Amino acid sequence: MHQEVVHASGHENVSAAHASTFEVTTDDYLTPAGDCILAVEADRAPADFDDAFVEAAQDADATITATLEAGGHEESVTGRGDPELTFESERSMVGRTSTYVDERTIMLDADFAAEGFDRDLVAALADGADATFTLTVE
């Protein structure tokens, strides 16, 4: 098992309404149009992840779980790895319910996207709560 832990923050514009993706970004701002973004000011990006984590995530049989905690609430979403995942983005990480891959993609075929996250968790994020985003590959 390999794990990466990212610390981030909520933002008043977190709406978590997107139907096919969810995102955590190093950006320190969020416009209302960013309805897939769950947290901002991430202290790490995929380019910072350990080589062993990336290698494990590039296995087509890998299970990748993303757990987001904020304000005493927690939600986990599971997807899969893929040989095409690069983890090269220095800005943001995106989980996708589809099989689309770019440098930001951290999982494919996710169980759900931003709109599926617990609404109490989303409310805490919209209040600016500190967030912990943990990625696990098995």
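Data overview
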item	result
Residue match in the range 80-97 (condition: closer than 18 Å to Gln3 by Cα, within 11 Å of the chain's Cα centre (by Cα), among the polar types (S, T, N, Q) and not in a helix (DSSP H, G or I))	yes
Failed item, numbered, when Ala56 is tested on (1) in a helix (DSSP H, G or I); (2) surrounded by fewer than 16 Cβ atoms within 10 Å (Cβ to Cβ); (3) small (Gly, Ala, Ser)	(2)
Enumeration of residues in the range 102-138 that are over 14 Å from the mean Cα position of the chain (by Cα) and under 15 Å from Ile64 (Cα atoms)	Glu138
First in the range 87-104 and within 16 Å of His18 (Cα to Cα) and without any contact (Cβ under 8 Å) to a residue 12 or more places away in the chain, second anywhere and small (Gly, Ala, Ser) and part of a loop (DSSP other than H, G, I, E, B), Cβ under 9 Å, 6 or more apart	Tyr100/Ser20
Subset of the range 27-46 [free of Cβ contacts under 8 Å to residues at least 60 places away in the same chain and of a type in the set (D, E, K, R)]	Asp28, Glu41, Asp43, Arg44
Those residues of the range 98-138 which are part of a loop (DSSP other than H, G, I, E, B) and closer than 22 Å to Pro32 by Cα, in sequence order	Arg104, Phe112, Ala113, Phe117, Asp118, Asp127, Gly128, Ala129
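Quick note: the coordinates plus some simple rules give every number you see, no bench work behind them. Everything quoted here is computed from the prediction, not taken from an experiment. Note that we place each Cβ from the backbone using ideal geometry, even for glycine, and neighbour counts take in every protein chain shown.
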